[in-house]
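A.B. asks: I am attaching a structure below and will ask some questions about it afterwards.
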Amino acid sequence: MRHLLDTRTLNREDALLILDTAEDMAAIQQREVKKLPALRGKTVVNLFYEDSTRTRISFEAAAKRLSADVINFSAKGSSVSKGESLKDTAQTLQAIGADGVVIRHPASGAPARLASSGWIDAGVLNAGDGTHEHPTQALLDAFTMRRRLFGEASRGRDLDGVSVVIVGDLAHSRVARSNLWLLNALGANVTFVAPETLQPYGARDWPVTVEHSLDAALRAKPDVVMMLRIQSERMHAAYFPNEREYARNWGLDDLRLARLSDRAIVMHPGPMNRGLEISSAAADSPRSTVLEQVANGVSVRMAALYLLLSGERRQTPKDSE
Ligand code: CP
């Protein structure tokens, strides 16, 4: 693995390698000495052309816990606002000596362009590109599902037979797409639930059940209910029922929460619109994995950085040198 650009091309073996390496990273973080020397002397650049809270700080924490030097670059306040191109920005990073570039960009395909351009030698990690993919989010989601559903027995396991309902603004969701491909590779059964106008174009040709009624999807007693944010910033009027109608028909409210099976978990990648796609009772309930997803994100991103940048492909990192 040289880059992590998507989950569509990630096979089951590599996905399990990342998840099991993340288990090792989580175990190391439980110890008193949290920091590994694995990426000492390496430089990781967080190149963010779109806002982020969780992904950016999580990649920063992950890189620092592997002893890498971290440079945070936000397009706001940089020479991008003066018209500097991705190529010139990338070549600046190359001159600085970046070993890894974590990129979030509003254009679908920007990370792949960076990886294939020859502008930089660094490994490229996609931190979310347009409506295309957000692979580390899907990996941390799968890691969280494994841990919640299988506990101690999760290492080495895929998600064969696990039923996952993904609900919300699927049309704009890179999280939904990355989850779909990864969950399929791991053997889960995925259902997309959204009003017709918020289903992604082409979804009927994908390995997913397309459903419009949330209540019908929940009657099947799924193991996982993943609620997605309504992305108002990407929304046109034509897409969206009004907010009250949306919350009534597609929101995970307290009544729907009460009808879930005992084993079911509620996920959300954040940031959440409380009261719209998810009620506060659901977001804060014991079923909710929202904060576990954030914490697990550090372990998963440590695993991805380690596997891409250390030159190692073994699962267990050394914690001393
Ligand atoms: N889940 C996620 O990508 O959150 P941020 O936009 O805060 O990074």
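All of the numbers you see were taken from the coordinates with simple rules; none came from a lab. Since this is a predicted model, take the numbers as computed values, not measurements. Using ideal geometry, Cβ is built from the backbone for each residue, glycine included, and neighbour counts are taken over all protein chains shown.
A.B. asks: To the nearest 10 degrees, how steeply does helix 54-65 sit against the main Cα axis of the chain, on a 0 to 90 scale?
C.D. replies: 40 degrees
A.B. asks: Where nothing but the Cβ of Lys and Arg (+1) and of Asp and Glu (-1) is charged, how large is the charge dipole of region 135-293 around its Cα centre, in debye to the nearest 20?
C.D. replies: That gives region 135-293 a dipole magnitude of about 240 debye.
A.B. asks: Still on this structure, I have one more. If the chain between residue 27 and residue 85 were fully stretched, how many nm would it gain, using 0.36 nm times the residue separation less the Cα-Cα distance?
C.D. replies: Taking residue 27 through residue 85 to full extension adds about 16.8 nm, to one decimal.
A.B. asks: Next up: Nothing charged except the Cβ atoms of Lys and Arg (+1) and of Asp and Glu (-1): what's the magnitude of the dipole of the chain about its Cα centre? Round to the nearest 20 debye.
C.D. replies: That gives the chain a dipole magnitude of about 340 debye.
A.B. asks: Take every Cα-Cα distance within the chain, group them into 10 Å bins from 0 onward, and report for each bin the whole-number percent of pairs it holds.
C.D. replies: Using 10 Å bins, I get a P(r) of 6, 28, 34, 23, 9, 1 for the chain.
A.B. asks: Let me ask another. Say each of residue 245 and residue 40 gets a label point 7 Å from the Cα, pointing the same way as Cα to Cβ; how far apart are those two points in nm?
C.D. replies: 6.1 nm
A.B. asks: Please rank 116, 67, fewest neighbouring Cβ atoms within 10 Å first, as an exposure proxy.
C.D. replies: Taking fewest neighbouring Cβ atoms as first place, the list is 116, 67.
A.B. asks: Let me ask another. With a cut-off of at most 15 other beta carbons within 10 Å, and DSSP calling the residue loop, which GluC sites (Glu not before Pro) in region 7-102 qualify? Please list them.
C.D. replies: 32, 84
A.B. asks: Now for a different question. Treating the beta-carbon of each Lys and Arg as +1 and of each Asp and Glu as -1, no other charges, what is the dipole magnitude of region 100-180 about its Cα centre, to the nearest 20 debye?
C.D. replies: Dipole about the Cα centre, nearest 20: 140 debye.
A.B. asks: Given springs between every Cα pair under 10 Å in a Gaussian network model of the chain, which of 183, 255, 305 has the largest fluctuation?
C.D. replies: Highest fluctuation among the options: 255.
A.B. asks: Right, another one. Tell me the relative contact order for the chain as a rounded percent, counting alpha carbon contacts under 8 Å between residues six or more apart.
C.D. replies: 23 percent.
A.B. asks: Give the residue list of trypsin sites (Lys or Arg not before Pro) in region 17-96 that are DSSP loop and have at most 11 other beta-carbon atoms within 10 angstrom.
C.D. replies: Passing sites in region 17-96 are 31, 76.
A.B. asks: Please name which of 136, 165, 151 has its Cα lying farthest along the dipole of region 131-175 towards the positive end, using unit charges on Cβ (Lys, Arg +1; Asp, Glu -1) and the Cα centre as origin.
C.D. replies: After comparing all options, I get 151.
A.B. asks: Then there's this: At 0.36 nm per residue, minus the direct Cα-Cα distance, what do residue 215 and residue 12 gain on full extension? Give it in nm, one decimal, please.
C.D. replies: That works out to 69.9 nm of additional length.
A.B. asks: Can you compute the modelled spin-label distance between residue 234 and residue 117, with each label point 7 Å from Cα toward Cβ, in nm?
C.D. replies: Rounded to a tenth, the inter-label distance reads 2.1 nm.
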